[in-house]
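What follows is one structure encoded as structure tokens, with my remarks underneath.
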Amino acid sequence: MICRENSPIPIPISEMALETPAWLNLCFVEKILRKSEGDNSIQVIDIVSKPATAKGDNYTSDMIRVTAEFSRDQGGSKITEKKSIIVKISPLVEGIRQDMIELSGMFHTEISMMSDTLDKMNKLLGPEHRLSGKGLYVQNKNPTLLVMEDLAPLGFRMADRLSGLDLAHTILALDGLARFHATSIAICEKEPKQKEMYSKGMFNEQYPPEMSNFFNMSVKALADEVANWPGMKKYSEKIAKLTDHIYKIGINATKPCEDEFNVINHGDFWVNNMLFKYDNNGKPIQHICLNAMQNKFTSSKNRSIDRVRLILQVDFQLCVYTSPAIDLQYFLSTSPSPDVIENKKDVLLNEYLSALSATMKRLGCKTQPPTIEELKATLKRRASYGMIASFSILPIVLCCKTEAKDLDEIMSSGSYSNPGLKGESYKKLMMKRLPMYDEWGLLDL
């Protein structure tokens, strides 16, 4: 078939999902493949598309998985191949979500990350330690989108967010985060302008009101829910008073201090924004890296062990240059299982710091990594960030998939409705955390 960009040809797409826009056709996919493969002989024969995520798995974009069948010239003859790609699109449907993403410029932050900073970071680390999938194509408007390699055919998938990450998953996640942070330091030392490229994050005064409204409304809804929990009335009253101040608290917690250890933070590092690879028994693989290479490093217990780097990160819309406590507080408050976070926190921090220090040394960073005492001190100073994550993000993480809502549904008609607030697992966790937050003084204005 001849592909003409401006001709209204029919789209021979098998099992076309209703969510797939009309422009996502053979011509478009052919253009992407020719560019990403560097091969103008490619001709797309057919494409199959379907949503790449389920409701509740992704909140700031629309993601479509496209499998393309195509031919190309090779050795004087034509061969046929298949390739799967992920098309990540800025929200197309009008509503709160679209307004929030467009007005905040989040998508352009991710484009900058994928097309510039992350590419440099991956090149520094080498393929055996890569941090993310490859960016294949960028479009800045009409609509704004990213095309990335699909990691599912390589065996990567999301972990179960409802049960929380066990120790093996959590350690892999923190190893990946430490490499990300360490490599960002190496990049920023070479190019100081990189620090200025990531100044917004999740909490910023420049953002549209939709962003602060989400947090304000989620805290008000939490206060109303906590009022129904036995023995929790005093906490409900304190939380209610935080409603109009919670976003400002987040802004203050995010601000970098020049005399602190700072990195480019992922900004949204929770269980659904990382992909793991598993063996046939469903266990996260710990001895085979992406290209079947092993990496040895010294663990926090000073013993040489084989450790896989089999975690890849996704979704870079909220990257921000500030203390790594932001990513650590957010991740530790939302993603590990209760048992891991309650009983293994020191193990986790030592693991993170060990991987951070080892990677910084390998990359020749001039900046000195923090000591464990300095790391714990900055985590304490920014503990309010973890509290906000527990208030607003954790109920989304723990919401049953059959009850999950997107942002437009959660914040419909000026009200806030998140079924996750009423879940027993969320209630059980928060009944332990609220007294702790109160003891730390976080619930007091």
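The values are calculated or read from the model by the stated rules, or taken from the named source; none is laboratory data. None of these values were measured; they are calculated from a predicted model. Every residue, glycine among them, receives a Cβ derived from its backbone with ideal geometry; neighbour counts consider all protein chains shown. Note: accessible area is taken over every heavy atom of the protein model, side chains too, but ligands, DNA and RNA are not part of it. Shrake-Rupley method; radii C 1.70, N 1.55, O 1.52, S 1.80 Å.
Brief remarks on what is shown
- Local electrostatic count at LYS344 - Lys and Arg +1, Asp and Glu -1, tallied over other residues with Cβ under 12 Å: -4
- Principal-axis analysis of the Cα atoms of the chain puts helix 325-334 at an angle of about 90° to the longest axis.
- The chain - accessible surface per residue (Å², probe 1.4 Å): 45
- Helix 167-190 vs. the chain, principal-axis angle (Cα, 0 to 90°, nearest 10): 80
- Structural descriptor for the chain: relative contact order 17 percent, calculated from alpha carbon pairs under 8 angstrom and at least 6 residues apart.
- The chain: angle of helix 345-362 to the longest principal axis, Cα-based, in degrees nearest 10: 50
- log10 of Debye I(q)/I(0), alpha-carbon scatterers only, for the chain at 0.08, 0.10, 0.12, 0.13 Å⁻¹: -0.47, -0.74, -1.06, -1.24
- Rounded to whole numbers, the Karplus 3J(HN,Hα) couplings from phi for segment 429-445 are 5, 6, 5, 8, 7, 4, x, 5, 4, 5, 4, 6, x, 6, 8, 9, 7 Hz, using 6.51 cos²θ - 1.76 cosθ + 1.60 with θ = phi - 60°, and x at Gly and Pro.
- Reciprocal of mean inverse Cα separation for segment 366-445 (Kirkwood radius, Å): 14.8
- Helix-only CD estimate at 222 nm, as mean residue ellipticity for the chain, using -39500 (n - 2.57) per DSSP H run (n ≥ 4): -11500 deg cm²/dmol
- Protection-proxy order for peptides 328-339, 273-284, each taking the mean of Cβ atoms within 10 Å per residue, highest first: 328-339, 273-284
- Inter-part distance, segment 363-390 to segment 183-219, computed on C-alpha centroids, equals 17 Å.
- Karplus-derived HN-Hα couplings along segment 129-140 (A = 6.51, B = -1.76, C = 1.60, θ = phi - 60°), whole Hz, x at Gly and Pro: 10, 3, 9, 7, x, 7, x, 10, 6, 10, 9, 8
- Listed pairs LYS31/LYS134; LYS120/LYS195; LYS35/LYS277; LYS35/LYS401 exceeding 26 Å between Cα atoms: LYS35/LYS277; LYS35/LYS401
- Listed peptides 66-77, 143-154, 216-227 by packing density, highest first (mean Cβ within 10 Å): 216-227, 143-154, 66-77
- Surface composition of the chain: carbon and sulfur make up 50 percent of the accessible area, probe 1.4 Å.
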